[in-house]
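Accompanying notes for the structure given below.
The values are calculated or read from the model by the stated rules, or taken from the named source; none is laboratory data. Everything numeric here is computed off the predicted structure, so don't read it as measured data. Cβ atoms come from the backbone with ideal geometry, glycine included; neighbour counts cover every protein chain shown. Areas reflect the complete protein model, heavy atoms only, side chains present, ligands, DNA and RNA absent. Shrake-Rupley method; radii C 1.70, N 1.55, O 1.52, S 1.80 Å.
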Amino acid sequence: MALETTTTTMKKDPILSVEHLSMRFGGLMAINDFSFEAYRGDITALIGPNGAGKTTVFNCITGFYKPTMGMITMKQKSGKEYLLERLPDFEITKQAKVARTFQNIRMFSGLTVLENLLVAQHNKLMQASGYTFLGLLGFPAYKQASKESIELARHWLEKASLVDRADDPAGDLPYGAQRRLEIARAMCTGPELLCLDEPAAGLNPRESLALNELLRSIRGETGTSILLIEHDMSVVMEISDHVVVLEYGQKISDGNPDFVKNDPRVIAAYLGVEDEEVEEVIEEIEEIEGGQGGSKK
Amino acid sequence: MANIASTSASAGSDLTARALREAVFAGLISLGLFVLFVGLKSDQNIRNELVLNQRWGLLSIFVIVAAVGRFLMVAYVQPAMARRKAAKAEAEAVVKEETFFKRHFSKIAIVALIFYPPVVLALVGVQGSLKWVDNFGVQILIYVMLAWGLNIVVGLAGLLDLGYVAFYAVGAYSYALLSTYFGLSFWILLPVAGILAAFWGMILGFPVLRLRGDYLAIVTLAFGEIIRLVLINWTEVTKGTFGVSGIAKATLFGIKFDASKDGFAAMMGLSMSSAYYKIFLFYLILALALLTAYVTIRLRRMPIGRAWEALREDEIACRSLGINTVTTKLTAFATGAMFGGFAGAFFAVRQGFVSPESFVFLESAVILAIVVLGGMGSLTGIAIAAAVMIGGTEILRELSFLKAIFGPDFTPELYRMLIFGLAMVVVMVWKPRGFVGSREPTAFLRERKAISGSFTKEGHG
């Protein structure tokens, strides 16, 4: 069967497993019996045509929607497991260590860039300040934690090349920088799984190259697994290790980028071909691929 | 050189000529406009006949005012404004060094407030100081404190609260009732009043957690009214509209402010006067207000304060960062309410009498207006707004010379609300974000830059 995952990924250790996820909005079945696994240390891409239900899957994973059916398990490095569909949204970030960004950027535009990153370290600082009381009395533990939090923020600002704009209001940044800031902010929560909703939307080619670099270095340095929704195929095919394709709320393909690229169902979904013509399309694609393969390297 | 001088001289005479021409036109237009409205007036005489009165004198005043006004406008006001604009544009190129006064404004203001009562005492004497310390000092400081308390809820957390006066009432009645029924002292009941108000803040917080914007405003408004109506109708405890009177005064380390032998005046060898008690109250409310400011400043640099501001900016992003928005909102309500409670207890001890009359919706509106006028989130701006609004209404009582102009029936106090409203409209047009529209960042990497009000959000409920 075409949906069978390739043997190389089978051996890997899943960090997130979504099983039989369904989400119904009134009469609309936005997601129908959707299952997939994201592996630890991988960049997993979730792609699909507009309205396929990708963002709905994200909202279910990060707790902004409660799924109608199904189970979402997050397995941390320590071996601890969390059932995300049972946790309230903020606990998913706080305990299960899943952070997310949004399709339409959600900045704290009136706070400075640095403050944005400090807000992301809320839970850590809250504990250090003895739930505000000890901090209010001026205990040194909070001062120390506060210094460390600024250092962590500086680290991520450097990564996102925003350190020059650290004291400017976030709302003053250009679009591409806001995208990077949102990723840096999500990383400041110390996640094990980072969910990015269309991180390359609205970026120019140079900015999306920089984004690829940023995502690779995030994975390389912190070992954070990344799950992303993306329309920009140059980003998806370039950086992802594993691609899951969604159409009309159902999984139509799952595997490594090359496998997915050549999957007739995916091609049909993207190009909108009748079922009978799929075979034809496959042949065409193979021809093109053969031609490109020669010129590529 | 001579050439330049002559051109500017000819420009000057050109301007005068143009101004004269425009003045004549303005006069002609106003003559045409007013000749039938002002110059002629139809009237009835004693036999019920229609007669036409001619008022050429009045008409000429209208025409002259229009012509002279236009002349002055064109010849002097417009060039002056153009010069100012040019000067301003030039000045912007030069880096503006903040004046010493501006940089240390809050410190100077605090020192001035500490020395205010002795200076007033020295200037106008013991009896004369009563009005200045009590009506101006204490009255303004109560509103400063209330507005700073509300600022935590509205300015920082962005939750629109139209029923803040409820917490003021809870604080006032907590002190009034507990001191009359149980005889507890002010210093014990001050924290109790704060805690009770904070508790009521939580009770208000729970039902409104899921509400935003207009809906939140309506529920908080209703909450304020509920508290007031309970105070009116629970007559066995609160004595209803009669209010609680004879509330015990505060003491200074057990020293009473009365005419007794061990009272404050006798101990200090001063002649007995209620002015000393008022001065004591002044320092008390000053200390309470400064406590509010200090806690607010500290909290803003704490994770909870940042979470409040983040909540104002974007609630969904807050949740995605693992911030529990429920407890964040509740702590904002509770902290704001606690300071309202402190202010309420102070109000009760100052008046010696509380009744539901003092806690009407208008009070909430005034406090909210102060917060908005001052600039949401800015302590300095709010303090200035409170001084202007409350001090302004007090000053209206002092303007008895206006009676000479407008006749003996004229009472300036009655125009309070009219002027209040007009002032608000003017300030909001002139400075839409309040007196201090910018926001101070709570942390910085290289330099502290104020954030323009155009980036901060007002909150959405």
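Things to note:
- Within the listed set A:166, A:141, A:210, the residue fluctuating most in the Gaussian network model of chain A (springs between alpha-carbon atoms under 10 angstrom) is A:141.
- Relative contact order (%) - criterion: Cα under 8 Å, at least six apart; region: the range A:68-182: 27 percent
- In this calculation the C-beta distance from residue A:25 to residue B:425 is compared with R0 = 41 Å, giving a FRET efficiency of 0.35.
- Placing a pseudo-label 7 Å from each Cα along the Cα-to-Cβ vector at residue A:86 and residue B:60 gives an inter-label distance of 9.7 nm.
- Calculated FRET value between residue B:417 and residue B:103, using beta carbons and R₀ = 41 Å, to 0.05: 0.65
- Ratio Rg/Rh, restricted to chain A and using Cα atoms, in which Rh is the Kirkwood radius: 1.01
- With 18 Å as the limit on Cα-Cα distance, the pairs of A:77/A:147; A:97/A:147; A:94/A:124; A:97/A:124; A:143/B:329; A:94/A:147 that go past it are A:77/A:147; A:97/A:147; A:143/B:329; A:94/A:147.
- Direction-averaged projected area, Cα convex hull, the protein assembly as shown: 55.2 nm², rounded to one decimal.
- Rel. contact order, % - alpha carbon contacts under 8 angstrom, at least six apart, the range A:156-245: 28 percent
- When the protein assembly as shown is described by a simple charge dipole with +1 on each Lys and Arg Cβ and -1 on each Asp and Glu Cβ, the residue from B:198, B:444, B:327 located farthest towards its positive end is B:198.
- Spacing of the two label points (7 Å from each Cα toward its C-beta) at residue B:78 and residue B:287, in nm: 6.2 nm
- Between the exposed loop cleavage positions of chain A, defined as chymotrypsin sites (Phe, Trp or Tyr not before Pro) in a non-H, G, I, E, B DSSP state with at most 15 neighbouring beta-carbon atoms within 10 angstrom, the longest gap is A:1-130.
- By the rule of a C-alpha distance below 21 Å, with chain neighbours fewer than 8 residues away ignored, the lysines paired with residue B:431 are B:85, B:88, B:96, B:102, B:449, B:457.
- C-alpha center-to-center spacing [the range B:19-42, the range B:104-128] in angstrom: 54 Å
- Ratio Rg/Rh, restricted to the range B:354-446 and using Cα atoms, in which Rh is the Kirkwood radius: 1.11
- Equivalent ellipsoid semi-axes, the range B:306-402, via Cα gyration tensor eigenvalues times 5, rooted, Å: 34, 19, 10
- Value of [θ]222 nm, deg cm²/dmol, for the protein assembly as shown, DSSP H segments ≥ 4, -39500 (n - 2.57) each, nearest 500: -18000 deg cm²/dmol
- Along its three principal directions, the equivalent ellipsoid of the range A:118-159 from the Cα gyration tensor extends over semi-axes of 21, 10, 6 Å, largest first.
- The charge dipole of the range A:50-133, taken about its Cα centre with unit charges on the Cβ atoms of Lys, Arg (+1), Asp and Glu (-1) only, comes to about 220 debye.
- Simple Cβ-charge dipole of the protein assembly as shown, Lys/Arg +1 and Asp/Glu -1, about Cα centre, in debye nearest 20: 4180 debye
- Stretching the chain fully between residue A:77 and residue A:139 yields a gain of 19.0 nm (0.36 nm per residue, less the alpha carbon separation).
- Per-residue accessible area (protein heavy atoms, 1.4 Å probe) orders A:192, B:447 as B:447, A:192, starting from the largest.
- The separation of the range A:24-103 from the range B:397-461, counted between C-alpha centres, amounts to 48 Å.
- Accessible area (Å², 1.4 Å probe, nearest 10) - residue B:241: 90 Å²
- Given charges at Cβ of Lys, Arg, Asp, Glu: chain B dipole, positive-most of B:340, B:23, B:141: B:23
- Per residue convex hull volume, Cα atoms of chain B, in Å³: 266 Å³
- Computed log₁₀ I(q)/I(0) - Debye formula, equal Cα scatterers, no solvent, the range B:169-288, q 0.10, 0.20, 0.22 Å⁻¹: -0.45, -1.15, -1.24
- Computing FRET efficiency as 1/(1 + (r/R0)^6) for residue B:409 and residue B:112, where r is the C-beta to C-beta distance and R0 is 25 Å, gives about 0.05.
- Shape class for the range A:183-228: prolate, because the ratio a/c of the largest to smallest gyration tensor axis (alpha-carbon atoms, square roots of eigenvalues) is 1.5 or more and a/b beats b/c.
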